[in-house]
Amino acid sequence: MPREILIDFARCTGCLSCRLACAVAHTQAKSLFDAVLAGEKPRARIFVHQLGQQKAPINCRHCTDAPCLDACMAGAMYRKEDGTVTNEGGEQRCVGCWMCVMVCPYGAITSDAAGTVALKCDRNCRDESGTPACVRACPTGALVYTEVEDYSAHRRHGALGKILAGGAGAP
Amino acid sequence: MHFVVIGTSAAGIAALETLRRLGGTRARLTAVTDEPSEPYSRCLLPDLLAGKKSEYSIRLRPAGFFPKLGVEFLAGFKVVALHPEEKKVFLEDGRQLSFDRLLVATGASPVMPEVPGVDTRGVFALRTLQDAREMASLFPRVSRAMILGGGLVGLKAALALKVAGVPHVTVAVASPRLLTRQLDEEAAAMVERELTAAGLEFIYNAQPRAFVPGPHGTLAGVELADGRELPADLAVVAKGVRPNVQLVREAGGLVGAGIEVDRYLRTSLPDVFAAGDCVQVTDRLTGRKTNSALWTLAAEQGRYAAANMLGLARSYPPPLTRLNSARFGNLDVVAVGKMEGEEVLRAFEGTTGTYRRLVFEGDRLVGFILAGKVKGAGVYTALVKTGRPAWKWRHLLLEGRAGRVVLGCLPPQRRVESKIS
């Protein structure tokens with residue numbers, strides 16, 4: 001059963017711990033101090049937004065019919081066997097055309113510090129237990145990494161899935 | 001069940017992958033293409049010209065893709081005839097292929113101007129790997145290149161030639177400015193500044209009247225409609241594409257602005273489907289029928305067509321037919337939907353050098369342009385696509401705070417509901 005990062009919107013306090021953990025986990029050095037000393041520019045792939053009193057982390061949902069997969073004209077965006085959608089680690093390289101950025105309804109794809117390749121959640125930050133860095137870092141339980149059946153499927157989709165995605169999706 | 005797919009670019013590949021994913025291992029898949037080898041990304045041909053990419057690195061899929069997917073791959077064969085009543089296609093070498101369901105994903109071909117000398121050696125389009133190879137073989141002897149067309153392909157080709165070391169690159173544009181179909185004046189001017197800084201030259205209101213060969217039969221210059229003759233030893237024609245409809249038309253299928261398909265991407269011929277640049281689509285916003293010609297749409301249609309070929313009856317929603325993202329030098333540009341409408345809001349953000357244009361009709365965002373910083377562009381696209389009320393978000397959108405809009409679009413109960421158990 002694949003696990004997904006789910007968001008409990010009511011619990012987010014906007015502390016940005018997830019962003020820091022994500023950015024650091026994706027550095028070579030794996031620690032903020034060492035990464036900065038080594039001249040790396042840590043970039044987070046999860047975003048925390050605030051609207052009024054509402055705060056929430058938003059990251060890639062690894063959509064079933066991911067629009068970014070359709071849009072990638074370099075063939076770099078692909079789905080791994082565990083369901084992760086990523087533009088890293090495959091044979092084809094991202095060229096930074098931002099087609100994926102143009103079609104992601106969550107605004108969950110960003111660029112690297114140099115602005116040359118697209119960066120997104122690749123779940124390449126999981127520890128021995130398989131838990132992603134953002135989830136480990138979340139002090140309030142706003143981010144949960146769990147088997148999808150643990151959550152009511154319609155609620156999960158109700159939360160984000162159908163609302164913004166719109167349009168082409170089905171097959 | 002034998003599925004035959006003609007064409008192995010965006011639509012063809014998406015279809016083959018979907019046919020296998022949803023159709024299981026028993027479906028027999030055959031792919032035919034007139035391209036001589038493995039699928040490659042046409043959009044990356046300028047990068048190949050510029051020397052930034054190799055032929056190997058512009059391939060669309062990893063080595064061994066077709067065998068792994070269980071697809072019989074026939075490369076280098078043009079399909080010359082389709083007999084729908086016999087359910088057969090004929091290849092140029094005389095071979096016949098019987099199919100149960102056929103997907104026509106034959107793409108589009110460049111429109112060449114009907115002027116004297118268009119066949120002169122040194123006059124190119126940039127559509128195929130072969131075009132790029134031939135063009136690159138001339139590079140050492142090229143000192144002046146002329147690009148005809150100020151659209152996305154023309155500008156990318158022009159920049160690529162400059163990066164490849166061609167000393168003088170001139171873009172001749174029929175309109176008074178660049179990218180008339182994609183951008184407004186402000187954004188186009190930003191692109192022009194960026195490209196001028198990269199060393200490109202522009203001539204506006206310029207149409208070719210003739211390609212002039214030199215004493216050795218190779219291109220010597222381009223004569224413009226206003227009588228000027230400009231020296232050039234390489235010319236690239238980038239004046240749009242025309243859908244490849246011949247196969248279906250000759251078989252008796254209906255053709256409009258492209259091959260006519262219904263919402264299940266069926267052509268008027270039995271068991272013949274079509275997807276990608278060769279089809280006609282209905283624009284989601286204007287309702288106008290137009291040719292498809294966008295990468296994203298081709299991939300989407302390939303998926304939908306495949307599902308329908310398997311009998312799953314998935315209706316393809318009318319797409320947005322203006323959906324462009326490009327990078328020119330250090331300037332990123334995204335343009336989606338309508339350029340004009342009831343209410344147009346524009347803002348320039350000095351700190352990031354970003355220009356934003358929003359087009360509203362009533363409550364609805366129907367189009368936008370982002371030039372500079374394009375972060376969160378997909379949120380704007382989603383609003384255009386879904387037609388959700390967006391007027392109340394106009395300030396956030398104009399400031400580029402798309403993330404907040406994502407939160408705002410969540411249903412209220414979701415925003416306050418606590419732990420989903």
Discussion item. Across chain A, what fraction of all alpha-carbon pairs, as a whole percent, falls in each successive 5 Å bin from zero upward?
Written reply: 1, 8, 16, 21, 22, 17, 10, 3, 1, 0
Fill in: Cα-Cα over 30 Å, subset of B:87/B:338; B:53/B:78; A:80/B:289
B:87/B:338; A:80/B:289
Response to the item:
Cα-based Rg and Dmax for the protein assembly as shown, in Å, come out at 24.6, 81
Worksheet, complete the sentence: Computed D for the stretch B:225-342, Stokes-Einstein, Kirkwood radius over alpha-carbon pairs, 20 °C, 1.002 mPa s, to the nearest µm² per second, is 131 µm²/s
Practice prompt. Enter the mean projected area of the convex hull around the alpha-carbon atoms of the stretch B:75-183, in nm², rounded to one decimal.
Written response: 10.3 nm²
Worksheet item: Please state the relative contact order of the stretch A:64-120 as a whole percent: Cα pairs under 8 Å, 6+ residues apart?
Response: 30 percent
Item to complete: Would you look at the GNM of chain B, springs on alpha carbons closer than 10 Å, and say which of B:71, B:80, B:153 moves the most?
Response: B:80
Practice prompt. Provide the FRET efficiency to the nearest 0.05 for the residue B:283-residue B:175 pair, computing r from the beta carbons and using R0 = 25 Å.
Written response: 0.75
Practice prompt. Assign unit charges at the C-beta atoms only (+1 for Lys and Arg, -1 for Asp and Glu), then state the dipole size of the stretch B:123-237 relative to its Cα centre in Debye, rounded to the nearest 20.
Written response: 280 debye
Discussion item. Give me a comma-separated list of calculated 3J(HN,Hα) values for the stretch A:18-31, in order, Karplus coefficients 6.51, -1.76, 1.60 applied at θ = phi - 60°, integers in Hz, x for any Gly or Pro.
Written reply: 5, 5, 5, 4, 5, 4, 5, 4, 9, 8, 5, 6, 6, 9
Discussion item. List the aspartates and glutamates whose Cα sits under 12 Å from the Cα of residue B:375, skipping any in the same chain fewer than 8 residues away.
Written reply: A:112, B:332, B:399
Worksheet item: Counting alpha carbon pairs within less than 8 Å and at least 6 residues apart, what relative contact order, in whole percent, applies to the stretch B:17-81?
Response: 50 percent
Discussion item. Along its three principal axes, how long is the stretch B:1-92 when you only count alpha carbons? Whole Å, largest extent first please.
Written reply: 47, 30, 17
Discussion item. Between the stretch B:134-151 and the stretch A:123-146, how far is it from one alpha carbon centroid to the other, in angstrom?
Written reply: 52 Å
Item to complete: Mind giving me the nanometre distance, one decimal, between the label points for residue B:83 and residue A:37, set 7 Å out from Cα along Cα→Cβ?
Response: 7.7 nm
Discussion item. Just to be sure I understand: of the beta bridges DSSP finds with both ends in the protein assembly as shown, what percent are antiparallel, rounded to 5?
Written reply: 65 percent
Discussion item. Counting each pair of different Cα atoms once, what's the Kirkwood radius of the stretch A:64-120 in Å, rounded to one decimal?
Written reply: 11.3 Å
Discussion item. I want to check the label-to-label distance for residue A:126 and residue B:55. Put each point 7 Å from Cα in the C-beta direction and report it in nm to one decimal.
Written reply: 3.9 nm
Worksheet item: How big is D, in µm² s⁻¹, for the stretch B:123-237 by Stokes-Einstein at 20 °C and 1.002 mPa s if Rh is the Kirkwood radius over C-alpha pairs?
Response: 150 µm²/s
Worksheet item: Among the DSSP beta bridges whose two residues both lie in the stretch B:123-237, what percent are antiparallel, rounded to the nearest 5?
Response: 35 percent
Discussion item. Relative to 2.2 N^0.38 Å, what does the C-alpha radius of gyration of the stretch B:254-316 come to as a ratio? Two decimals please.
Written reply: 1.01
Discussion item. For the pair residue B:346/residue B:75, report the inter-label distance in nm, with labels modelled 7 Å from Cα in the Cβ direction.
Written reply: 4.7 nm
Worksheet item: Suppose every K and R has +1 on its Cβ and every D and E has -1 on its Cβ; what is the size of the dipole of chain B about the Cα centre, in Debye to the nearest 20?
Response: 1580 debye
Discussion item. More than 21 angstrom separation, counting every C-alpha pair in the stretch A:1-92; what % is that?
Written reply: 49 percent
Fill in: Spatial extent of the stretch B:330-410: Rg and Dmax, with the Cα atoms as the point set, Å
11.4, 35
Worksheet item: So what are chain B's ellipsoid semi-axes, whole angstrom, largest first, if each one is the square root of 5 times an eigenvalue of the alpha-carbon gyration tensor?
Response: 34, 34, 19
Discussion item. Let's test the formula: R0 of 25 Å, r as the Cβ-Cβ distance of residue B:98 and residue B:254. What FRET efficiency results, to the nearest 0.05?
Written reply: 0.60
Discussion item. Considering only C-alpha atoms, what is the centroid distance from the stretch B:271-323 to the stretch B:102-121, in Å?
Written reply: 22 Å
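Read the figures in this text as sums done on the coordinates, not as results from a lab. The structure displayed is predicted, hence computed values, not measured ones. Reconstructed Cβ throughout: ideal geometry from the backbone, glycine too, with neighbour counts over all protein chains shown.
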